[in-house]
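The structure appears right after this line, and notes come after that.
Read the figures in this text as sums done on the coordinates, not as results from a lab. Since the model is a prediction, treat every value here as computed from it, not as a measurement. Positions of Cβ are generated from backbone atoms using ideal geometry, with glycine treated the same way; all protein chains shown enter the neighbour counts.
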Amino acid sequence: MRFGSALAALLLAGCGGGGSGSNAGSGIDPRLERLDVYEAQKLRVLGDPDIGVIGMAPTPDEMIPDTGTAVFTGSATIRVEDPNAELVLFGDSSVSIGFDDGAVSGVMDNFFGTDATGDVIDYSGTINIDDGGLDPALTLDYAGTLSGSGTDLVIAGVMQGAFLDDPLGALSGTDLEADIIYNGVPTDGTMIVIGETEGVTTAEP
């Protein structure tokens, strides 16, 4: 199931309510544009075999830099697999990788998605990428809390990541066993992050 498409259908169904943000009064929910951007990036980076689109290949080991810093910007997707009210959230992501020392940091925020009733709402809060490393492979440790319309999500875990394209142009990270506390109840979940970079920045000599 394409969760972005399903969420877009919900947003379109609610457009008669007037929307919000920069398009307030136009009848178009501005979150639709964000979904379009996320879906286009996902297709570009990961591809979609169902429609014959090939994503980026893994970056060869010899093309992963030894020095410098790269910032990857893109999206984060959270799936909360509660049998009574499955939730799907989308947000922005920014991940910084220091190739000199293997430092990993970042933030995921500006989330929106479904709540227990199936409505699309905005979620406050952030999820921080506060640790991780590059050896022997990319890992992204994350934790944070999101809240909205009576829904509280405490989320933590470790994403297994990969660098993509040659030269290095993107990364992806996935945790298929995210630790999620959904309104006080431990619940299974999934976390995915996708980001692209304009290149590696090296310090001036």
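I want to verify the translational diffusion coefficient of the range 23-137 in µm²/s; compute it with Stokes-Einstein, Rh as the Kirkwood radius over Cα pairs, at 25 °C and 0.890 mPa s. Could the numbers behind the result be given before it?
Numbers: Rh = 16.7 Å.
Stokes-Einstein gives a translational diffusion coefficient of 147 µm²/s.
Multiply the residue separation of Ile64 and Asp48 by 0.36 nm, subtract the distance between their alpha-carbon atoms, and state the gained length in nm to one decimal.
Gain in length upon complete extension: 3.3 nm.
Which one, Leu35, Leu140, Gly52, is farthest towards the positive end of the dipole of the chain when Lys and Arg carry +1 and Asp and Glu -1 on their Cβ?
Going by the Cα projections, it comes out as Leu35.
Determine the gain in length on full extension of the stretch Asp101-Ile121; use 0.36 nm per residue of separation and subtract their C-alpha separation, reporting nm with one decimal.
Between Asp101 and Ile121, full extension yields 3.3 nm more.
Tilt of helix 3-13 relative to the longest C-alpha principal axis of the chain, in degrees (0 to 90, nearest 10)?
For helix 3-13, the angle is close to 40 degrees.
Okay, helix-only estimate at 222 nm for the chain: each DSSP H run of n ≥ 4 adds -39500 (n - 2.57), divide by all residues, round to 500 deg cm²/dmol; what do you get?
So the calculated ellipticity at 222 nm is -4000 deg cm²/dmol.
What does the range 135-174 give for Rg and for Dmax, in Å, if only its C-alpha atoms count?
14.4, 45
Using a basic spin-label model with each label point 7 Å from the Cα along Cα→Cβ, how many nm lie between Gln160 and Glu81?
Reported label-point gap for Gln160 and Glu81 is 1.5 nm.
How big is the gap, in Å, between the Cα center of the range 179-197 and the Cα center of the range 41-83?
Each part's Cα centre sits 17 Å from the other's.
Rule-of-thumb check for the chain: C-alpha Rg over 2.2 N^0.38 Å? If you can, show how the numbers build up before the last one.
Numbers: Rg = 17.6 Å, N = 205, 2.2 N^0.38 = 16.6 Å.
My calculation over the Cα atoms of the chain gives 1.06.
Order the peptides 57-66, 88-97 from the highest to the lowest mean number of other Cβ atoms within 10 Å of their residues.
88-97, 57-66
Taking 0.36 nm per intervening residue step and subtracting the Cα-Cα distance, what contour gain separates Glu33 from Ile181 on full extension?
50.3 nm
Using only the alpha-carbon atoms, how far is helix 31-46 inclined from the longest principal axis of the chain? Give it as 0 to 90 degrees, nearest 10.
Value to nearest ten degrees: 40.
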